[in-house]
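The values are calculated or read from the model by the stated rules, or taken from the named source; none is laboratory data. Model, not experiment: these values are computed from the prediction. Cβ coordinates were reconstructed from backbone atoms using ideal geometry, including for glycine residues, and neighbour counts include every protein chain displayed. For accessibility, only protein heavy atoms count, side chains too; no ligands or nucleic acids. Shrake-Rupley method; radii C 1.70, N 1.55, O 1.52, S 1.80 Å.
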Amino acid sequence: MRTVDIIAAKRDGRELSPEEISYIISGVMNEGPKASVKDYQLAAWLMAVCWRGMSIEETACLTDAMAKSGDVLDLSEIGPFVGDKHSTGGVGDKTTLVFVPLLAAAGLPMAKLSGRGLGHTGGTIDKLEAIPGFSCDLPVKQFIKQVKEIGCAIAAQTQDLAPADGKLYAMRDVTATVASIPLIAASVMSKKIAAGANLIVLDVKCGLGAFMQSEADAIKLAEVMAEVGARLKRPVSAVVTDMEQPLGYAVGHTLEVQEAVEALQGRGPADLQQLIMTLGALALVKAQKAKTEAEAKEILHELIDSGKALAKLKELIVAQGGDANIISNYELMPQARLKKELKVPGNHNGHRGHQESSEKVWIEHIDGKKIADACKLMGGGRAHKGDAINLATGVVLSAKIGSELSLGSTMATIYADSQEDYLKAEKKVFEAIKLSSKPVKCPEIIRAEVSV
Ligand code: URA
């Protein structure tokens, strides 16, 4: 077999055999001059998959090969149910930071394998690194031990767990090959299978800030992951959720950890709270910890109100070497030098500053991709594999789609490290927020549910 022939076959739209797919994945795993699949060949193959797609059989084979590129954990000794959750990537998506301690506090062990930022979207591992000392590089033994001892762990994909995904993920991030249903499905599902959980909830994002922009594509991605899970004996439940605008208000690493802490104190944004309750209730009912969705939500609310969910976050931070004092003192996390507010301009919708200051406007749309681009311009994302990122910078929105504002009121606050960065981000944020002179309806966060 030759790599170049497999690339050509996919370029020409042929279905690859299981042997060809295994050849690519094992070739990626051989490092150095002996590698049978060079970096430039992997980039070409990924682009061919992006353009030509993959059948469900190919996607399941790719997932299986990627999962088996490292250890596949057996967590059955932990209990009958071990939970995991994964999002397909969004802007301002800090769901895991709330979901994992909350569900662990409810008695569902959570063994979560997460990723770094991908394309324009943020990654949980990068966000957690805003907490001084926090490490997601957990060797397998420690990962399992921690789940047994405190009920949860969040680990990065490593040399041991789905290492092939680590290589493909980093390459996709810098070759514009992220937005592909089979590549996303195989990336997500290989990690979920390798990490060993048997109760998997997927959050499939849909809208301008997501890789799947239409609801039809997001449902298709959810169905493909559900089908791959069924074929590989790891059933999943998927919820398609809105990413027309960022989730919550905060976008940026330190800022999102802060918002997650607030959500665990019952002070989080309404959309984040609704999403957590929906995903959490789904997991608790499946784990037989509640009979109905309503009962499950009551349990989750009680864990937040009583402070037990926040206490579990503290335990998680300490167990992974982090400084839990960030919970009461956000300034212990990286802080941006400048903080500036953006006001509703007098010339929205092409008008030119004659309005009375009491004139009302409504937020019609917030382009999450542009907000993410603003953060990237301030160093909050990667241009090359392995780049260091600025964890302090970001954008905090003051309002969401449908919110009513007055001329001159604050739409967003930009956290930048220099005036130059601020000006670049300001332009993007102005472009991202579209205003209307008529009332606008707020989109529903939950769009559809898919399971097999
Ligand atoms: N999350 C992943 O783990 N992989 C993807 O490809 C997209 C989101």
Open item on the list: Can you tell me what percent of all Cα-Cα pairs in segment 83-332 are more than 21 Å apart?
Closed with: 54 percent
Task: Relative contact order [Cα under 8 Å, 6+ residues apart], the chain, whole percent - done: 18 percent
- [ ] Kindly rank 176-189, 123-136 from highest to lowest mean number of other beta carbons found within 10 Å of each residue.
- [x] 176-189, 123-136
Open item on the list: Quick one: 3J(HN,Hα) in Hz for segment 115-132, Karplus 6.51/-1.76/1.60 with θ = phi - 60°, rounded, Gly and Pro as x.
Closed with: x, 8, x, 9, x, 7, 8, x, x, 4, 5, 4, 4, 5, 5, 5, 8, x
Open item on the list: I need the Debye-formula profile for the chain: one equal scatterer per C-alpha, no solvent, reported as log10 I(q)/I(0) at q = 0.07, 0.13 1/Å, two decimals.
Closed with: -0.34, -1.17
Task: segment 228-238 - phi-based ³J(HN,Hα) in whole Hz, Karplus 6.51/-1.76/1.60, Gly and Pro as x - done: 4, x, 5, 5, 9, 6, 9, x, 10, 10, 10
Task: Nonlocal amide H pairs with LYS343, under 5 Å, H built at 1.01 Å - done: MET411
Open item on the list: Tell me the net charge near LEU232. Cut-off is 13 Å between Cβ atoms, LEU232 excluded, with +1 for each Lys or Arg and -1 for each Asp or Glu.
Closed with: +3
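Give me the percent of the accessible area of the chain that comes from carbon and sulfur atoms, probe 1.4 Å, all protein chains in place. Could the numbers behind the result be given before it?
Details: 9120 of 17900 Å².
Solvent-exposed carbon and sulfur of the chain make up 51 percent of the total.
As a test of understanding, state the convex hull volume per residue of segment 338-436 from its alpha carbons, in Å³. Could you put the intermediate results ahead of the total?
Working: hull volume 9.1 nm³, N = 99.
Spread over its residues, the Cα hull of segment 338-436 gives 92 Å³ apiece.
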Task: Proximal lysines to LYS68, defined as alpha-carbon separation beneath 17 angstrom and excluding residues fewer than eight positions away on the same chain - done: LYS167, LYS191, LYS192, LYS233
Task: Signed unit charges on C-beta, dipole axis of the chain, positive-most listed residue THR63, TRP51, ALA290 - done: TRP51
Open item on the list: My understanding is that a pair violates if its Cα-Cα distance is over 28 Å; which of LYS38/LYS148; LYS343/LYS424; LYS38/LYS428; LYS85/LYS148; LYS85/LYS291 do that in this structure?
Closed with: LYS38/LYS148; LYS38/LYS428
TODO: Once you have the Kirkwood Rh of segment 114-259 from its Cα pairs, apply Stokes-Einstein at 20 °C and 1.002 mPa s and quote D in µm²/s.
DONE: 132 µm²/s
Open item on the list: For segment 3-53, what does the accessible surface come to per residue with a 1.4 Å probe? Please give it in Å².
Closed with: 54 Å²
Open item on the list: Which three extents, in angstrom, do the Cα atoms of segment 47-126 have along their principal axes, listed largest first?
Closed with: 44, 32, 19
Open item on the list: Can you return the aspartates and glutamates within cross-link range of LYS286? Criterion is Cα-Cα under 15 Å, with same-chain partners fewer than 8 residues away left out.
Closed with: ASP84, GLU295, GLU449
TODO: Would you calculate the separation in nanometres between label points at VAL285 and LYS145, each defined as 7 Å from the Cα along the Cα-to-beta-carbon direction?
DONE: 3.9 nm
Open item on the list: What is the angle, in °, between the Cα long axis of helix 39-52 and the longest principal axis of the Cα atoms in the chain? Nearest 10 is fine, range 0 to 90.
Closed with: 70 degrees
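By DSSP, what percent of the beta bridges with both residues in the chain are antiparallel, rounded to the nearest 5? Don't skip to the end; give the middle numbers.
On the way: 25 of 43 bridges.
Of those bridges, close to 60 percent are antiparallel.
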TODO: Would you work out which of ALA222, VAL261, LEU272 lies farthest towards the positive end of the dipole of segment 221-296? Charges go on Cβ: Lys and Arg +1, Asp and Glu -1.
DONE: ALA222
- [ ] Report, in debye and to the nearest 20, how large the dipole of segment 83-332 comes out about its Cα centre when Lys and Arg carry +1 and Asp and Glu carry -1 on their Cβ.
- [x] 920 debye
Open item on the list: If the only charges are +1 at each Lys and Arg Cβ and -1 at each Asp and Glu Cβ, what is the size of the charge dipole of the chain around the Cα centre, to the nearest 20 debye?
Closed with: 300 debye
